[in-house]
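The values are calculated or read from the model by the stated rules, or taken from the named source; none is laboratory data. Source: prediction; values computed, not measured. No Cβ is skipped: glycine too gets one built from the backbone with ideal geometry, and neighbour counts run over all protein chains shown. Ligands, DNA and RNA are stripped out before the accessible areas are found, and what is left, the full protein with its side chains, is counted by its heavy atoms. Shrake-Rupley method; radii C 1.70, N 1.55, O 1.52, S 1.80 Å.
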Amino acid sequence: MKRPIFAANWKMNHGPSDARAFLNTFLHYYPRNRERERTVMFFPPALTLTAVVEALRERPDILVGVQNIYHEDKGAFTGENSAPIARDAGARLVLVGHSERRHVFGETDEDTAKKCAAAFRAGLTPMLCVGEQLDERERGQTEAVVLRQLRAGLGGLEAERVANVLVAYEPVWAIGTGKTATPEDASAVHKVIRAALRELAGERGIAIPILYGGSVNRGNAVPLLAAPEVDGVLVGGASLDADAWSSIVRSEAPSAPRPRALTPHGGLDQSR
């Protein structure tokens, strides 16, 4: 997977009609370029997924995912969406453990573990989201919280599967607040995550992408992307406007190079 990675989380915004209009504008600003060293992905609402997949049918370089799945593959679970259904609808990725899922809907660490396992069973690549709340940060618990969430979500997986995940660090206090971690703050936490990923996946943990998410916009994307260990950004509000989003995805701020592991078996190619 080419770096940097630009992931748009539309949350509960953009129905199918709005999504088509958005992508018509966005693709004008972001024409296909085989030499471009970056990856773009969209996480639309579930009811908008098919419209986005269809609009991007001629752009396999742009990936599409869902914002949530249930951990069972099928059954009497009214209102839920399973990983196999998401994959059949065209999704290739899924967000797991986003802060709003954790703190608004009560998703637990145990739930994230089940969802990551379900994603792999269906051939989806999970992006596990981790991050601390403001009170936890003020008590100096950032590292402990992030590592607990990371190990809980991935600890039950085989190393080969861990090597195929993506991780997003999203400090809860920075999401939708206009506040953002400094590049130095982000880099420090990403280094902690990287060390833990190497414990879970061996040397292949070097190649796992780690994104930063939390009030990212076109004014701060470049310095964040330039920070060591920041492989991309997970963007909410600033991804809802086609002009703003296209400006962000065209940002030129390559991260400092570091050794990459061999291409893992299965899942998306994480080696670049």
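ALA7 meets the conditions (1) touching a residue at least 40 places away in the same chain (Cβ under 8 Å); (2) of a type outside the set (Lys, Arg); (3) not in a strand (DSSP E or B) in every case but one. The failed one is (3). Name every residue in the stretch 133-172 that is closer than 16 Å to ARG204 by Cβ, in contact with a helix residue (DSSP H, G or I) (Cβ under 7 Å, 6 or more places away or on another chain) and open to solvent by less than 10 Å² (accessible area, probe 1.4 Å), in order of residue number. LEU150, LEU154, VAL162, ALA163, VAL165, VAL167 - these are the residues of the stretch 133-172 that are closer than 16 Å to ARG204 by Cβ, in contact with a helix residue (DSSP H, G or I) (Cβ under 7 Å, 6 or more places away or on another chain) and open to solvent by less than 10 Å² (accessible area, probe 1.4 Å).
Tally the residues that are outside any loop (DSSP other than H, G, I, E, B), in contact (Cβ under 8 Å) with a residue 40 or more places away in the chain and either aromatic (Phe, Trp, Tyr) or farther than 20 Å from TRP245 by Cα (or both), restricting the search to the stretch 184-218.
18
I'd like the residue in the stretch 173-186 that is within 14 Å of ALA227 (Cβ to Cβ) and buried (at least 20 other Cβ atoms within 10 Å of the Cβ) and, out of all such residues, is modelled with the highest pLDDT.
So, considering only residues that are within 14 Å of ALA227 (Cβ to Cβ) and buried (at least 20 other Cβ atoms within 10 Å of the Cβ), the one modelled with the highest pLDDT is ALA186.
Taking ILE206, is it within 24 Å of GLY155 (Cα to Cα), in contact with a strand residue (DSSP E or B) (Cβ under 7 Å, 6 or more places away or on another chain), of a type in the set (Val, Ile, Thr) and at pLDDT 95 or above? Taking the combined requirement at face value, the residue does not satisfy it. Here ASN217 clears all of (1) within 18 Å of the chain's Cα centre (by Cα); (2) open to solvent by less than 10 Å² (accessible area, probe 1.4 Å) except the condition numbered (2).
Among the residues of the stretch 11-21, just one is part of a helix (DSSP H, G or I) and within 20 Å of the chain's Cα centre (by Cα), namely ALA19. In this structure, is ASP111 at pLDDT below 95 and either open to solvent by 10 Å² or more (accessible area, probe 1.4 Å) or farther than 25 Å from ASP185 by Cα (or both)? Taking the combined requirement at face value, the residue does not satisfy it.
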